[in-house]
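Here is the structure we will look at.
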Amino acid sequence: MSLVQEENRIEREVVDTALKLHRHFGAGIYESVYEPVLNDLVILELKSVEKLEPVHSKQLLTYLRLTGLRLGLLINFGENLLKDGIHRIVNDL
């Protein structure tokens with residue numbers, strides 16, 4: 001499996017799990033409930049805010065640059081519909 005395929009597989013698993021958590025807990029749960037994960041391929045930046053700000057994407061991009069990783073997911077559990085709160089951030093693509 002190529003690196004890109006592995007990143008995409010992990011992304012699908014993360015999004016599926018996030019959707020299940022959001023359905024169970026609902027919107028607006030504190031960020032600490034959702035444990036941030038950093039592995040060898042994907043960084044998760046989890047928020048529970050009313051509205052994402054540009055600084056949130058910049059923060060994740062900085063993490064990606066510092067670690068040399070390519071893929072990050074910014075997930076805002078504060079959204080009523082979680083699909084509106086999932087953002088894919090890539091480094092150097």
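So here's what we get for this one:
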{"read-out": "Using a Förster distance of 22 Å, the FRET efficiency for V49-R88 (Cβ separation, nearest 0.05)", "value": "0.75"}
{"read-out": "Lysine pair count for segment 3-90 [Cα-Cα under 15 Å; pairs on different chains or 8 or more apart]", "value": "4"}
{"read-out": "Amide proton proximity set for I43, modelled H, under 5 Å, gap of 5+", "value": "L71, G72, L73"}
{"read-out": "Magnitude of the charge dipole, the chain, Cβ model with Lys/Arg +1 and Asp/Glu -1, debye to 20", "value": "140"}
{"read-out": "At 1.306 mPa s and 10 °C, Stokes diffusion of the chain via Kirkwood alpha-carbon radius, µm² per second", "value": "119"}
{"read-out": "GNM flexibility winner over the chain from V14, V55, V42 (Cα, springs under 10 Å)", "value": "V55"}
{"read-out": "Distance between modelled label sites at L81 and V4, nm, 7 Å Cα→Cβ extension", "value": "2.9"}
{"read-out": "DSSP bridge orientation in segment 36-93 - percent antiparallel, rounded to nearest 5", "value": "50"}
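Just so you know, all these numbers are worked out from the coordinates, no wet-lab data involved. The model shown is predicted, which means the values in this text are computed figures rather than measured ones. Every residue, glycine as well, gets a Cβ built from its backbone with ideal geometry; the counts of neighbours run over all protein chains shown.
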